[in-house]
1. For the range 275-294, name all the residues that are in contact with a Ser or Thr (Cβ under 6 Å, 6 or more places away or on another chain) and either among the hydroxyl-bearing types (Ser, Thr, Tyr) or outside the structural domain of residue 227 (by TED's automatic domain parsing) (or both).
2. Out of 305, 314, 268, which single residue is at pLDDT 95 or above and touching a Cys at 6+ places or on another chain (Cβ under 7 Å)?
3. Being of a type outside the set (Asp, Glu) and more than 24 Å from the chain's Cα centre (by Cα) is true for just one of 237, 189. Which residue is that?
4. Write out, first by first residue and then by second, each pair whose Cβ atoms fall under 9 Å of each other, whose residues are 6+ apart or on separate chains, and whose first residue, in the range 66-91, is outside the structural domain of residue 409 (by TED's automatic domain parsing) and at pLDDT 90 or above while the second is open to solvent by 90 Å² or more (accessible area, probe 1.4 Å) and of a type outside the set (Phe, Trp, Tyr).
5. Among the residues of the range 328-380, which ones are surrounded by 13 or more Cβ atoms within 10 Å (Cβ to Cβ) and among the polar types (S, T, N, Q)?
6. Return the only residue of 191, 140 being buried (at least 21 other Cβ atoms within 10 Å of the Cβ), more than 16 Å from ligand 3 (Cβ to nearest atom) and either over 28 Å from residue 97 (Cβ atoms) or modelled with pLDDT under 95 (or both).
7. Which of (1) part of a strand (DSSP E or B); (2) modelled with pLDDT of 95 or more; (3) within 11 Å of the chain's Cα centre (by Cα) does residue 452 not meet, given it meets every other one?
8. Can you name every one of the helices (runs of 4 or more DSSP H) wholly within the range 1-89 that holds 2 or more residues which are within 16 Å of ligand 2 (Cβ to nearest atom) and closer than 20 Å to residue 114 by Cβ?
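The values are calculated or read from the model by the stated rules, or taken from the named source; none is laboratory data. Just so you know, these numbers come straight off a predicted model, no measurement behind them. Because the Cβ atoms are built from the backbone with ideal geometry, glycine has one as well, and the counts that use them run over all protein chains shown. Surface areas here come from the heavy atoms of the whole protein model, side chains and all, with no ligands, DNA or RNA. Shrake-Rupley method; radii C 1.70, N 1.55, O 1.52, S 1.80 Å.
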Amino acid sequence: MQRGPIPWPAEVGLVCHYCFKGMHVKVKVSKCSRCHRISYCTTECQNADWESHKVMCKALSSLEKNPFAARKLVSLPPKEPTTNIQQLRKLAAQQVDAYCDYLHGQREIKLSWLQREPRCIVCTRTDMVIRMEAALKGRAAADTTRLIPCPECKLSFCCSRAHWEIADRLHHGPCHDLRDSPSQCYTNKLAHAQSMIAASVPDTSEHLVWIPERVKHKWVSLEGQSWEGEFDDEIRKFSRMPQSDPSTFIMAAISDTLTLPMTILYALSKLSDGDGWTRKQTLIVHIVGASLREFSCSRVFEEILHCTPQVKTLKIIMCGPEAPDRNAHDVEICRDCIKRGRSYVLEFIPEAYHDVVRNQGSDFEHPDLCIGFNSGANHSASLGYTWPATFKLLVERKIPSLITAYGREDAEKDAALLRAAGAALHPALGPVLNPWGSMKAVPSPHSTYGFLVNSGWLAGGFK
Ligand SMILES: [Zn+2]
Ligand SMILES: [Zn+2]
Ligand SMILES: [Zn+2]
Ligand SMILES: [Zn+2]
Ligand SMILES: [Zn+2]
């Protein structure tokens with residue numbers, strides 16, 4: 001059976017890891033008795049899932065029995081609980097690194113499993129660490145308390161009531177790194193529902209692409225606009241949703257891909273002098289370090305044509321080592337756009353951007369905008385990416401550019417890299433919360449607190 005992505009609640013043992021039941025339906029799930037990591041509703045589900053679970057299950061149970069791993073993992077949690085998010089992130093990362101050290105050489109280990117393992121919000125203890133601590137003190141594991149989930153979202157945990165008292169404000173208080181400053185608890189609940197829906201879609205692509213089928217009469221500035229102002233009416237018309245129903249949920253889903261064209265439009269308007277760019281025959285946008293996410297929802301960029309009715313051709317070039325084979329083709333567009341004699345040309349170039357520019361020499365076509373989505377430039381050096389070289393080139397060539405990030409911390413670090421490359425950052429373009437960032441937040445793996453949002457922050461724009 002072809003299975004979709006495993007939803008987050010299943011990865012943390014909240015719902016059955018095979019049939020995903022156990023949240024709204026009254027189904028009792030119990031933990032796998034070997035690894036204690038994930039849950040099943042019945043033995044049938046457990047047996048059916050064994051083929052895919054056995055590698056992780058055996059790896060985790062052997063890790064737990066390893067005395068060296070136990071001593072290392074037990075040494076990591078801080079003496080006192082802390083709400084310092086940076087410190088917590090570092091501790092969780094050290095924990096995952098320690099897991100990886102001891103699991104080294106075992107193939108098919110899913111890193112996401114280790115990263116998403118439930119851990120105490122304020123001290124990073126996991127169930128396994130708690131059991132290891134007990135074992136080292138000669139107590140039976142069953143005697144120890146287990147992580148206590150938040151009664152509301154059930155997706156954040158603490159190792160004791162005392163730690164919940166300290167974690168409470170962090171968990172239920174506003175998170176200023178996200179639009180409207182929702183709490184971690186609220187965002188957990190939304191992310192839970194979204195990930196369950198994504199898992200129920202049989203086709204494996206997780207990207208919902210939707211754009212309104214309308215070409216606007218004229219370009220309208222995005223200044224002071226919001227997702228709701230721009231798309232609420234269109235969504236209701238399309239889905240026949242009554243005014244009384246909140247559109248938050250569907251808005252979050254569609255904004256996750258619509259953020260791509262909207263962020264481009266926002267950057268173009270901020271980095272251009274006047275509205276001349278909205279009347280160009282051909283609008284050229286380069287996407288640097290493009291990833292599968294951009295390739296697989298390339299149709300969404302037609303929204304750029306819909307907001308700039310005077311542009312005839314949209315040309316998008318996606319560059320980067322991950323791009324599929326070199327090819328240029330026309331993308332299918334709506335009937336209204338065809339009637340107006342418009343076109344959308346998409347090209348892939350599987351090379352790093354500075355190589356593209358160098359190889360094209362005098363044939364290089366200066367783009368109206370060059371954009372890097374969620375570049376992660378500040379921690380991608382180890383992955384072999386060459387963002388600093390790309391940043392330098394963008395500055396030298398005076399190419400209008402924007403780099404976006406998953407969150408505040410990344411944005412601030414990437415901004416420092418951009419400044420180091422000589423960029424004079426536009427004050428409205430970062431580091432700052434992106435008004436056109438996705439409204440869908442995914443709990444940050446590798447952490448006890450924090451979220452990843454597609455282009456949630458702008459790291460820096462310059463020209
Ligand atoms: Zn089940
Ligand atoms: Zn297991
Ligand atoms: Zn704790
Ligand atoms: Zn909660
Ligand atoms: Zn169209």
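1. Within the range 275-294, 278, 282 meet the criteria.
2. Only one candidate qualifies: 305.
3. Exactly one of 237, 189 is of a type outside the set (Asp, Glu) and more than 24 Å from the chain's Cα centre (by Cα), namely 237.
4. Matching pairs, first to second residue: 67/136; 69/101; 70/136; 71/136; 72/101; 74/136; 83/169.
5. Residues satisfying the conditions are 343, 374, 375, 378, 380.
6. Within the list 191, 140, the selection yields 191.
7. Answer for residue 452: the failing condition is (2).
8. Result: 8-11, 43-65.
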